[in-house]
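In what follows, a structure is listed as structure tokens, so that the remarks can point back to it.
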Ligand code: IPE
Ligand code: IPE
Ligand code: MG
């Protein structure tokens with residue numbers, strides 16, 4: 001683990017960080033506590049991560065909080081997570097608003113209770129004009145859903161005569177995808193040791209640097225995030241070009 005002074009090494013910070021916050025259940029099980037205890041502890045790491053991003057001037061943070069597949073968990077765990085989301089929305093939104101954080105929920109929100117949906121919409125409306133940090137929270141989100149949803153919205157625009165089917169290309173389709181208009185995701189972090197994407201941002205991760213760490217989500221703090229950012233700084237991003245081209249300074253990023 002890095003000492004706090006390691007932060008001085010971070011020269012090229014990512015603009016957009018995406019995190020799969022995994023390992024809450026195992027963190028609790030190791031302590032012989034219910035899995036829901038791990039989810040509650042995970043909120044502390046979430047707060048530390050938001051503070052870290054504000055301090056580092058990171059523009060956007062996208063957090064995987066609940067996947068479209070997580071409904072398959074035992075009813076009791078899903079219920080506990082929903083209660084946690086409700087409480088967190090009540091407790092944290094005002095403070096985040098005070099820090100200039102804009103909150104966006106991405107995913108199919110229609111599956112949540114009307115109460116939860118109303119609070120999510122309220123949080124988004126309240127913080128819409130904030131610019132210090134854009135925090136996207138992915139709930140009932142799946143990368144495949146995101147792409148299919150964009151395709152459906154594009155088809156509807158064709159049916160209304162607003163666009164030609166032949167004009168649909170990568171740039172145009174991206175308009176209807178989650179995170180459209182935001183800086184490209186440049187660093188993906190998955191905690192908890194699993195080496196998979198689990199249907200997170202399939203399209204948006206095309207050229208992100210992937211960092212997988214064993215640390216369980218509730219144990220994540222600024223030092224762990226510093227290590228990830230330092231790892232990002234060490235990567236050479238080539239976007240299809242050769243290393244010599246990148247070194248010569250002609251490297252061009254892609255969104
Ligand atoms: C991630 O932690 C949080 C959610 C998926 C909601 P897990 O609950 O998946 O924790 P592990 O992977 O079982 O330890
Ligand atoms: C991914 O974690 C989803 C979230 C962190 C919200 P999972 O724990 O659900 O992923 P799998 O099931 O191990 O692939
Ligand atoms: Mg997990």
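List of remarks:
Rundown of residues vs (1) within 16 Å of ligand 1 (Cβ to nearest atom); (2) buried (at least 17 other Cβ atoms within 10 Å of the Cβ), yes/no style:
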| site | (1), (2) |
| --- | --- |
| 176 | no, yes |
| 184 | no, yes |
| 194 | yes, no |
| 209 | no, yes |
| 212 | yes, no |
| 226 | no, yes |
| 240 | no, no |
| 246 | no, no |
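- Unmet requirement for residue 232, which otherwise passes all of (1) in contact with a strand residue (DSSP E or B) (Cβ under 6 Å, 6 or more places away or on another chain); (2) part of a loop (DSSP other than H, G, I, E, B): (2)
- Residues (surrounded by fewer than 18 Cβ atoms within 10 Å (Cβ to Cβ) and either outside any helix (DSSP H, G or I) or at pLDDT below 95 (or both)) located in the range 32-64: 32, 33, 34, 57, 59
- Test set (1) at pLDDT below 95; (2) at positive phi - residue 100 fails condition number: (1)
- Close pairs (7 angstrom Cβ cut-off, 6 or more residues apart or separate chains): farther than 13 Å from residue 188 by Cα and in contact (Cβ under 8 Å) with a residue 12 or more places away in the chain in the range 58-71, away from ligand 3 (no atom under 16 Å from the Cβ) and assigned to a helix (DSSP H, G or I) anywhere: 68/145
- Scope the range 180-207; condition more than 16 Å from ligand 2 (Cβ to nearest atom) and either more than 14 Å from the chain's Cα centre (by Cα) or in contact (Cβ under 8 Å) with a residue 60 or more places away in the chain (or both); matching residues: 181, 182, 183, 184, 186, 187, 203, 206, 207
- Cβ-Cβ distances below 6 Å connect the following pairs, each with a first residue in the range 23-37 that is at positive phi, a second residue that is part of a helix (DSSP H, G or I) and near ligand 3 (Cβ under 10 Å from one of its atoms), and a separation of six or more residues or different chains: 23/217.
- Considering the conditions (1) crowded, with 17+ Cβ neighbours inside 10 Å; (2) within 16 Å of ligand 2 (Cβ to nearest atom); (3) under 20 Å from residue 50 (Cα atoms), residue 232 is excluded by exactly one of them, (2).
The values are calculated or read from the model by the stated rules, or taken from the named source; none is laboratory data. All values derive from a computational prediction rather than experimental measurement. Every residue, glycine as well, gets a Cβ built from its backbone with ideal geometry; the counts of neighbours run over all protein chains shown.
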